[in-house]
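Have a look at the structure below, then the notes.
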Ligand code: NDP
């Protein structure tokens, strides 16, 4: 899966799945563009990549999103892969939570609106390279939520899944593939960042394989979907969840 001479933008590259993907793409020869807000974390990951372009940006900010694409084109002249990985959840992100509609806006702005915006900005460049997009969703977008406080997160990911299909239809004629990865629980800072005081190991018994995943396992799938090996794969949703979706309660 060589990505030599390929320019790969990864949002949320400062942590977890995005950081693992940035390191793996870099190892496979890609020119990596790392996007995130936390400068310290971005720098730490960047040290493990080969000459990455690091762009400190909030994907939900329209000017920042435009800057991500413009700086990438200025430096490399092309975009081959866009990994829309940046995402978040919030504790009490349900209908009965405080400030419900503000929480809805925050989650939808990052998990959906920013993806739609970045995709539209990258699309003309991806058409030129016959490139592709990988959207990082969640099994929360495919099944009823495991708790009552994640309604906003789950609907953002369900909408993201359908956006993948719509974008795959719209861009397929230009040779651009668009796919989704839907992870189950993955050991990252995700819960901590959402202020949810749970250890990922709590999800083990809810999976067929009695385990939770490491970020590198998700990066493996992202690289596969972004590679020429997946040249016939578009509009798909790849579930990687240790069999959580198929486990009966
Ligand atoms: P982390 O919290 O470890 O990483 C989230 C990343 O998103 C960080 O790099 C963060 O960077 C970035 N990010 C969040 N908001 C913004 C923003 N507004 N602008 C730019 N970057 C942003 O979690 P994961 O690695 O686990 O999450 C990655 C993706 O995987 C998410 O989309 C999540 O929904 C999905 N997922 C995760 C699961 C899990 O169990 N971990 C399960 C299913 C799906 P920074 O703070 O620097 O801005």
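Coordinate-derived values only; no laboratory data. Quantities reported herein were computed from a predicted structural model and do not represent experimental measurements. Positions of Cβ are backbone-derived with ideal geometry, glycine not excepted, and every protein chain shown enters the neighbour counts.
Couple of notes before you dig in:
- Gyration tensor (alpha-carbon) shape descriptor, region 7-240, a/c threshold 1.5: rounded
- Extension gain, residue 224-residue 201: 0.36 nm per intervening residue step, less the Cα-Cα distance, totals 5.6 nm.
- Residue with peak Gaussian network fluctuation, the chain [Cα springs, cutoff 10 Å], from 210, 135, 152: 210
- Spin-label model, residue 193/residue 51: points 7 Å from Cα along the beta carbon direction are separated by 2.9 nm.
- At R0 = 35 Å, FRET efficiency that the Cβ-Cβ distance of residue 116 and residue 247 yields, to 0.05: 0.60
- Axis of helix 62-76 versus longest Cα principal axis of the chain: the two differ by about 40°, to the nearest ten degrees.
- Calculated mean residue ellipticity at 222 nm for the chain: -12500 deg cm²/dmol, from DSSP H runs with n ≥ 4 weighted as -39500 (n - 2.57), summed, divided by the residue count and rounded to 500.
- With a Förster radius of 22 Å applied to the C-beta separation of residue 39 and residue 63, the computed FRET efficiency comes to 0.80.
- The ranking of 90, 1 by Cβ neighbour count inside 10 Å, starting from the fewest, reads 1, 90.
- Counted residue by residue at 0.36 nm each, then reduced by the alpha carbon distance between them, the extension gain from residue 105 to residue 214 reaches 36.3 nm.
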